[in-house]
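I have placed the structure first, in the form of structure tokens, so that the comments after it can refer back to it.
The values are calculated or read from the model by the stated rules, or taken from the named source; none is laboratory data. Quantities reported herein were computed from a predicted structural model and do not represent experimental measurements. In this analysis, Cβ positions are derived from the backbone assuming ideal geometry, glycine residues included, and neighbour counts consider all displayed protein chains. To get the accessible areas, we keep the full protein, side chains included, count just its heavy atoms, and leave off ligands, DNA and RNA. Shrake-Rupley method; radii C 1.70, N 1.55, O 1.52, S 1.80 Å.
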Amino acid sequence: MATEMALVKPISKFGTSSPIFSNSRYGKFTTVRMSSTSQSTAKAAAKGGKKAAKTAIKETLLTPRFYTTDFDEMEALFNTEINKNLNQSEFEALLQEFKTDYNQTHFVRNKEFKEAADKIDGPLRQIFVEFLERSCTAEFSGFLLYKELGRRLKKTNPVVAEIFSLMSRDEARHAGFLNKGLSDFNLALDLGFLTKARKYTFFKPKFIFYATYLSEKIGYWRYITIYRHLKENPEYQCYPIFKYFENWCQDENRHGDFFSALLKAQPQFLNDWKAKLWSRFFCLSVYVTMYLNDCQRTAFYEGIGLDTKEFDMHVIIETNRTTARIFPAVLDVENPEFKRRLDKMVEINEQLLAVGETSDIPLVKNLKRIPLIAALASELLATYLMPPIESGSVDFAEFEPQLVY
Ligand SMILES: [Fe+2]
Ligand SMILES: [Fe+2]
């Protein structure tokens, strides 16, 4: 998985509003734990090693989520006796592709990493760490979900189960590589602790399919766009992890294609009016979450020479075009009204954040938030209600092994 999703739920990979790692490059090695309650932070601190200082990261609506689902329903969906739409030969072809393991030897570090990290200083250093931490959490969230699906579907549909297990292999690799990146900054995410302490968001299987498909495809477009930009503008190549994005994003693309195949095997999730409403809803949720997240961290994107809003709009438009091949309806993101509304949401979100930073008592803060939340909700609704684009196709040819550049 490559992106977080929030709002309703999923997306983004880079970003949070939080505090984060206060230690500097000269500080001690620090283990970072994300916790949902202060109690769990305290417990974590009590259990931790002597050397590691722990820092809790504030959870917000926009932090990467962990997902869980109804595994019994998943089993029924992938039971070939019940679901005659399952095209087993197609899944077997996909499995062969995953078994090929194109990136088996791709994620190998070198000494450039640490040297580059030592040169990143000032505010960019902190924002870099935040990027690594959020990306690692998002990848790790994919690992957990896919691993569990691989385990639970083993009896019902061993082929689909094995693909999930191989995707969890990919996500573990991605998360591990990002966590190694954190070690260049003398930090590490405690993934074992994260697994236990994080709150899990429950999604019915149908919603897992929509959300995860989008998450993988948007992750692909984010990685490839950053990769291409830095290839053309090497003066912004300040940390070598971006050089790995070209092959890395192909993993995300394959994961997305697998979810596309899964959705086609469940036509009831694609072919009625409810499917159209949900498709638009998930597109909105994913795009808005990414846009708001990224606009809170323009320093990161500017630090690598990107214009945050331009970058995001490019990613949204490309993801939406890809998604239109499978979802029965998508948003009209190329209509200028869409971006106007996103920018309005960014303004409201900034005002909301500003309220949080005042010295007012909580009651006053909450009173000040009410009209802003209402304004944000009304923008979201208006964006959702913009005339959509009818889409979708039943062309399975796109699932042939392919590389997208
Ligand atoms: Fe990934
Ligand atoms: Fe992925």
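Below are the figures for this structure:
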quantity	calculated
Tally, over the stretch 166-189, of residues that are away from ligand 2 (no atom under 16 Å from the Cβ), closer than 18 Å to Arg65 by Cα and either within 15 Å of the chain's Cα centre (by Cα) or surrounded by fewer than 20 Cβ atoms within 10 Å (Cβ to Cβ) (or both)	0
Extreme residue, surrounded by the most Cβ atoms within 10 Å (Cβ to Cβ), among residues of the stretch 327-345 that are assigned to a loop (DSSP other than H, G, I, E, B) and touching a Ser or Thr at 6+ places or on another chain (Cβ under 7 Å)	Phe327
Residue check for Arg151: within 14 Å of ligand 1 (Cβ to nearest atom), closer than 22 Å to Phe91 by Cβ and open to solvent by 30 Å² or more (accessible area, probe 1.4 Å)	no
Pairs where the first residue, in the stretch 98-115, is in contact (Cβ under 8 Å) with a residue 40 or more places away in the chain and the second is part of a loop (DSSP other than H, G, I, E, B) and surrounded by 15 or more Cβ atoms within 10 Å (Cβ to Cβ), C-beta under 6 Å, 6+ apart	Phe113/Asp184; Lys114/Asp184
Hits in the stretch 131-148 (condition: more than 16 Å from ligand 2 (Cβ to nearest atom) and open to solvent by 10 Å² or more (accessible area, probe 1.4 Å))	none
The stretch 208-236, residues that are among the aliphatic types (A, V, I, L, M), under 12 Å from Val315 (Cα atoms) and away from ligand 2 (no atom under 11 Å from the Cβ)	Leu214, Ile224, Ile226
Selection count where residues are among the polar types (S, T, N, Q), closer than 20 Å to Asn247 by Cβ and either free of Cβ contacts under 8 Å to residues at least 40 places away in the same chain or in a loop (DSSP other than H, G, I, E, B) (or both), scope the stretch 156-188	1
Selection from the stretch 346-396 of residues that are in a loop (DSSP other than H, G, I, E, B) and surrounded by 11 or more Cβ atoms within 10 Å (Cβ to Cβ)	Asp360, Met386, Pro388, Ser391, Gly392, Ser393
Check on Ala265, in the same structural domain as Lys84 (by the TED database), more than 25 Å from Val333 (Cβ to Cβ) and small (Gly, Ala, Ser)	yes
Unmet criterion (only one of (1) open to solvent by 30 Å² or more (accessible area, probe 1.4 Å); (2) more than 15 Å from ligand 2 (Cβ to nearest atom)) for Asn247	(2)
Members of the stretch 265-307 that are in contact with a His (Cβ under 9 Å, 6 or more places away or on another chain) and surrounded by fewer than 19 Cβ atoms within 10 Å (Cβ to Cβ)	Gly305
Given (1) open to solvent by less than 10 Å² (accessible area, probe 1.4 Å); (2) farther than 18 Å from Ala188 by Cα; (3) of a type in the set (Asp, Glu), number of the condition Glu162 does not satisfy	(1)
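Quick grid of which residues meet (1) open to solvent by 30 Å² or more (accessible area, probe 1.4 Å); (2) assigned by the TED database to the domain that holds Ala138; (3) at pLDDT below 80; (4) over 28 Å from the mean Cα position of the chain (by Cα):
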position: Ala46; (1), (2), (3), (4): yes, no, yes, yes
position: Ala53; (1), (2), (3), (4): yes, no, yes, no
position: Pro64; (1), (2), (3), (4): no, yes, yes, no
position: Asn79; (1), (2), (3), (4): yes, yes, no, yes
position: Leu86; (1), (2), (3), (4): no, yes, no, no
position: Phe91; (1), (2), (3), (4): no, yes, no, no
position: Leu94; (1), (2), (3), (4): no, yes, no, no
position: Gln104; (1), (2), (3), (4): yes, yes, no, no
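Each row is one residue, and each column tells you yes or no for (1) under 22 Å from Glu130 (Cβ atoms); (2) out of contact with any helix residue (DSSP H, G or I) (no Cβ under 6 Å at 6 or more places or on another chain); (3) away from ligand 1 (no atom under 15 Å from the Cβ).
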residue: Gly181; (1), (2), (3): yes, no, no
residue: Asp190; (1), (2), (3): yes, yes, yes
residue: Tyr227; (1), (2), (3): yes, no, no
residue: Asp251; (1), (2), (3): no, no, no
